[in-house]
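Step one of this worksheet: look at the structure below.
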Amino acid sequence: MNWKLTNSMMKGSKLWSKQYLNSIAFRCSSSYSKNNSGFNPVLQNSFIDSTNSKDTDPWLNETWKTKRKLDRTQHESKLLRHRAREPDLNAFRQALQRKDRVLAWLKFKDISITVQSKQLTRADYLDLLHLLLSQDKRKPSIPTINHVINTMKTMDISIDIDVYNILVKSYAYSNQEEQISNTLRKMKELGISPNLETYSIIIYMYLKSQSIEKALAFIDRMKQENIPYNTSTYNTIIAGLINCGQLDLAQSFYKEMKENGFENNSGTFIQLIRLSIKLDDLPTAERIFEESIELGLVNKYTCSAILSFYAKLGDEVKIDGVLEYMKKNSIELDSLIYQSVIQSKLANKNIDGAFEIIEKMKMENIYPDFVTVHTILHGIVETGDLDRAIAYLEEQKGQGKYHTIVDDQGVKYHFKCILHCLLDCQNNYEPKNCFMCLIQ
């Protein structure tokens with residue numbers, strides 16, 4: 001960057017508005033950090049005053065030198081990294097509508113230090129917070145969420161239970177129990193009582209980490225505080241207990257749910273089918289599936305649950321029946337559904353049939369994910385066709401499927417599975433060399 005040109009632009013160009021210079025001053029100031037939601041008005045004002053004055057260089061201003069310890073080269077590098085832009089409220093709201101998390105966050109940072117921040121509504125902040133939570137399978141950035149909440153406080157926007165639930169959920173993603181306890185304590189001090197959503201988030205966190213006793217303690221706490229349950233709450237509890245292997249406890253909660261007069265929804269039927277699968281009770285699973293059809297509460301997840309049971313049994317006829325029902329009722333066929341079909345093929349040692357399903361998926365623009373690859377590899381290894389297993393792994397590695405996620409436990413498991421097969425067979429493979437060629 002040419003310093004003289006930049007300086008003249010700051011002093012003379014009308015395109016460099018005061019807000020734009022504010023943005024630069026903020027981003028390059030010592031007040032701009034991950035944990036700071038505001039800006040330094042003294043620094044900001046001195047910067048603008050210096051650019052309007054006849055002084056040669058704004059960076060030589062004493063106030064600026066006091067607040068900033070970067071030399072000119074470092075400052076230019078900082079500008080290039082942050083790329084300050086003109087604040088644009090409409091672009092921010094359009095990014096929220098498109099669910100563009102990164103662009104919405106960048107636009108918010110540009111707006112939050114200008115007068116346009118006063119035009120941000122409570123709905124804008126809540127939409128942004130919800131969007132920041134939705135990071136696919138990645139954990140949300142807690143400092144980023146705290147920055148938005150602190151900005152809300154600065155703008156005198158009330159922080160109610162909805163905002164605190166978002167904060168609790170961000171901590172729950174990372175299993176930060178201490179931070180959740182501190183948040184609950186702060187809520188109590190402010191006179192904000194946890195609601196059903198708050199407890200559901202915490203219970204789900206404990207069940208996901210298989211902390212059964214802590215989850216049950218919060219369930220009892222809900223009862224003591226007379227917080228009413230609903231069907232979704234019971235679904236969350238039942239699903240978590242099934243994942244933890246607490247099948248009897250899951251059945252008792254379902255019984256309690258019915259005694260309290262709650263009706264099943266689609267989520268309940270999914271969990272009941274999963275429970276029947278765990279108990280190896282096919283007749284009950286089929287009865288529940290038929291009941292969900294009669295009530296019109298079938299979706300692709302309900303179908304996926306019963307399909308996984310049929311796949312386990314290798315019953316391709318019943319799988320074809322479910323697929324026909326889905327097509328007739330316009331229920332989407334995705335990778336999760338095809339996963340069950342592939343499992344049924346592999347259960348019958350029909351490797352070629354599994355690969356035919358893969359090709360059919362590709363024709364519908366549904367490409368195999370990691371789980372699908374994992375399943376096919378497992379089926380090939382079980383047939384003892386090690387040449388095909390090695391070739392399939394090499395093919396996936398060439399497509400960039402494996403070398404990027406080689407640390408995944410599932411991949412390690414299948415590498416180990418192949419190596420055990422190699423040790424038990426008479427093929428002329430060297431296990432160590434084979435393993436190394438797969439992970440290079």
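Tabulated values for the structure
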item: Evaluation of residue 217 against (1) over 28 Å from residue 327 (Cβ atoms); (2) crowded, with 16+ Cβ neighbours inside 10 Å; (3) modelled with pLDDT of 90 or more (one fails), failing number; result: (2)
item: Unique match (being at pLDDT below 90, open to solvent by less than 50 Å² (accessible area, probe 1.4 Å), assigned to a helix (DSSP H, G or I) and not polar (S, T, N, Q)) among 109, 118; result: 109
item: Qualifying residue in the range 157-176 (condition: touching a residue at least 12 places away in the same chain (Cβ under 8 Å), open to solvent by 60 Å² or more (accessible area, probe 1.4 Å), outside any helix (DSSP H, G or I) and among the basic types (Lys, Arg)); result: no
item: Members of the range 230-246 that are open to solvent by 40 Å² or more (accessible area, probe 1.4 Å), farther than 15 Å from residue 202 by Cα and either in contact with a strand residue (DSSP E or B) (Cβ under 8 Å, 6 or more places away or on another chain) or in a helix (DSSP H, G or I) (or both); result: 243
item: The range 247-272, subset within 20 Å of residue 297 (Cα to Cα) and outside any helix (DSSP H, G or I), residue least open to solvent (accessible area, probe 1.4 Å); result: 264
item: Close pairs (6 angstrom Cβ cut-off, 6 or more residues apart or separate chains): farther than 13 Å from residue 257 by Cα in the range 217-244, of a type outside the set (A, V, I, L, M) anywhere; result: 218/199; 222/199; 239/271; 242/274; 244/210
item: Every residue from the range 188-198 that is buried (at least 16 other Cβ atoms within 10 Å of the Cβ) and either among the hydrophobic types (A, V, I, L, M, F, W, C) or in contact with a Phe, Trp or Tyr (Cβ under 6 Å, 6 or more places away or on another chain) (or both); result: 192
item: Residue within the range 352-361 that is touching a Pro at 6+ places or on another chain (Cβ under 7 Å) and surrounded by 13 or more Cβ atoms within 10 Å (Cβ to Cβ) present; result: yes
item: Tally of residues being under 19 Å from residue 332 (Cα atoms) and in contact (Cβ under 8 Å) with a residue 24 or more places away in the chain across the range 273-292; result: 1
item: Within the range 279-295, tally of residues that are over 16 Å from residue 235 (Cα atoms) and either hydroxyl-bearing (Ser, Thr, Tyr) or open to solvent by 60 Å² or more (accessible area, probe 1.4 Å) (or both); result: 9
item: Checking residue 288 against (1) at pLDDT below 90; (2) assigned to a helix (DSSP H, G or I), the condition it does not meet; result: (1)
item: Residues (hydrophobic (A, V, I, L, M, F, W, C) and under 26 Å from the mean Cα position of the chain (by Cα)) located in the range 362-375; result: 366, 370, 371, 373
item: Checklist (1) open to solvent by 80 Å² or more (accessible area, probe 1.4 Å); (2) at pLDDT below 90 applied to residue 185, failing item; result: (2)
item: Close pairs from the range 117-135: first farther than 19 Å from residue 171 by Cα, partner of a type in the set (Val, Ile, Thr) and buried (at least 16 other Cβ atoms within 10 Å of the Cβ), Cβ under 9 Å, at least 6 apart; result: 117/111; 117/151; 119/111; 120/111; 120/151; 120/157; 121/157; 122/157
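The values are calculated or read from the model by the stated rules, or taken from the named source; none is laboratory data. Predicted, not measured: the structure shown is a model, and the values here were computed from it. When we count neighbours, we look across all protein chains shown, and the Cβ atoms used for this are built from the backbone with ideal geometry, even at glycine. Areas reflect the complete protein model, heavy atoms only, side chains present, ligands, DNA and RNA absent. Shrake-Rupley method; radii C 1.70, N 1.55, O 1.52, S 1.80 Å.
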